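Single-structure report; data block below.
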Amino acid sequence: MNLRPHRPGLPDINLTPMIDVVFLLLIFFMVSTTFKEDTLLQVRLPETQGEAVSAEMPQALEITIDSTGAFYVNERMVTDRELDTLQQAIAAVVGAKRERPVIIKADAATPHQAVMTAMDAANRLGLLRFAFAATRPDAPR
């Protein structure tokens with residue numbers, strides 16, 4: 001007869017289900033995370049109540065005008081503010097694809113003449129489809 005108390009063994013913890021859950025959470029967060037595309041050029045777009053459209057135009061030419069009236073063609077700064085220089089910069093980017101749409105991103109404090117110069121330079125090259133970028137007042141900044 002054995003009168004000594006029977007000691008149970010150490011509890012065995014199975015870590016496999018916990019590792020599976022952590023792995024699935026890692027995959028979920030990797031797939032569902034979106035990254036904001038930050039650019040070095042900061043432009044405060046004017047606000048409008050218009051309808052929201054897709055920001056993705058794969059072949060669009062982007063002309064950005066900062067608050068001082070300096071031009072950027074596809075985020076590359078144009079050397080001066082002359083019409084001919086801007087036209088040459090646009091022609092270098094566009095090439096023979098004259099059907100591309102033009103998106104003008106002008107700062108809210110941009111002089112109106114700078115916007116008209118950008119439109120004139122693009123129009124002289126045969127670019128006829130224009131869109132203006134803006135933000136909604138209720139949109140997060």
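Worth a mention:
- Top-ranked residue in segment 90-105 [being closer than 12 Å to Gly126 by Cβ and aliphatic (A, V, I, L, M); ranked as surrounded by the fewest Cβ atoms within 10 Å (Cβ to Cβ)]: Ala96
- Only residues that are outside any helix (DSSP H, G or I) and crowded, with 20+ Cβ neighbours inside 10 Å were counted across segment 108-126, and they come to 1.
- Selection count, segment 22-41, where residues are modelled with pLDDT under 75 and surrounded by 10 or more Cβ atoms within 10 Å (Cβ to Cβ): 1
- Selection status of Arg44, of a type in the set (Lys, Arg) and either at pLDDT below 80 or part of a helix (DSSP H, G or I) (or both): yes
- Number of positions in segment 115-126 that are closer than 17 Å to Asn74 by Cβ and within 23 Å of the chain's Cα centre (by Cα): 3
- Options Ile63, Ile19, Ile90: the member that is at pLDDT 85 or above, among the aliphatic types (A, V, I, L, M) and either closer than 23 Å to Thr135 by Cβ or assigned to a loop (DSSP other than H, G, I, E, B) (or both): Ile63
The values are calculated or read from the model by the stated rules, or taken from the named source; none is laboratory data. These numbers come from a predicted model, not from an experiment. Ideal geometry is used to build each Cβ from the backbone, glycine not excepted, and the neighbour counts take in all protein chains shown.
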